[in-house]
1. Taking the Cβ of Trp152 as the center, what net charge do the other residues with Cβ under 9 Å away carry, scoring Lys and Arg +1 and Asp and Glu -1?
2. In debye, nearest 20: dipole of the range 26-180 around its Cα centre with unit charges on the Cβ of K, R (+) and D, E (-)?
3. Hey, of (i) 9, 31, 25, 17, 11, 6, 1, 0; (ii) 9, 30, 28, 9, 6, 6, 6, 4, 2, 0; (iii) 9, 33, 33, 19, 6, 1, which did the structure itself give for P(r) over Cα pairs in 10 Å bins from 0, in percent when calculated?
4. Hey, fewest Cβ within 10 Å first, where do Arg113, Arg14 land in order?
5. Using only Cα atoms, tell me the angle between helix 12-40 and the longest principal axis of the chain; keep it within 0 to 90° and round to the nearest 10.
6. Please find the FRET efficiency linking Ala64 to Arg113, where r is the Cβ-Cβ separation and R0 is fixed at 45 Å, and quote it to the nearest 0.05.
7. Taking the chain as the reference, fit the longest principal axis to its C-alpha atoms, fit the long axis of helix 155-181 to the helix C-alpha atoms, and give the angle between the two in degrees, 0 to 90, nearest 10.
8. Determine the calculated [θ] at 222 nm for the chain from helices alone, applying -39500 (n - 2.57) to every DSSP H run no shorter than 4 residues and normalising by the residue count; nearest 500 deg cm²/dmol.
Amino acid sequence: MKLLSTFKLWSVWRTARVITSLFILMVAAYYLVVGFDNITNPTNPNASNWPFVKGVLSGDGVPADSGFEWRFIDATWFQAASYIAVIACETLTGILLLIAGILGLRASARSDRWNHAQKLTFLGGFLGLAIFFFGFMVVGGNWFIMYLNSKWNGLEPAFQNSVMTITMLILTAGVMIGGHLSQESDETESTKS
């Protein structure tokens, strides 16, 4: 009952900050699980992105007469470095968003404190977009012609991940703006708490 009565005192923006922080934690969990899977099972052709990265960079599955053969990279060291960079970025994105979500929950009572805590959300979101939008869709999808690749086409998951990340960033920015515009109600609420 005390939890319910406490919840009734919350403004709509405090509720939005808590929900947004929980969503940030869900996105963090996604990135951390993807990174964990790639770290713990790096070479399994059925459960890892290593064969995918190698196949995309080498053009394995692109028609031989595509005219893009000159773009492909068969150097194993470059493929391995690219794969390690993807894993590092996924993991770092997850860590940044995890910290941002926790800080957001802890600072949800005041919009100014919550806004300050969300710097890491924007940093993590940018890094996530750097991986899935720029890395997979722009570089992999268009430079390495993944859209023509019959074996290794990850454009749909990359698009889904980009949309998830952009949605998180838009929601965070919207709650920041809304909380800022309704600052008087937050100040009133914090005197009640």
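1. Here the count lands on +1.
2. Value, rounded to 20: 620 debye.
3. So the structure-derived entry is (i).
4. Starting with the residue having the fewest Cβ neighbours, the order is Arg113, Arg14.
5. Between helix and principal axis, roughly 30 degrees.
6. So, using R0 = 45 Å, E works out to roughly 0.15.
7. Approximately 20 degrees, to the nearest ten.
8. For the chain, the value works out to -23000 deg cm²/dmol.
Only the coordinates and a few stated rules stand behind these numbers; no lab work does. What you are looking at is a predicted structure, and each value in this text was computed from that prediction instead of being measured. All Cβ positions, even for glycine, are placed from backbone atoms using ideal geometry, and neighbour counts span all protein chains on display.
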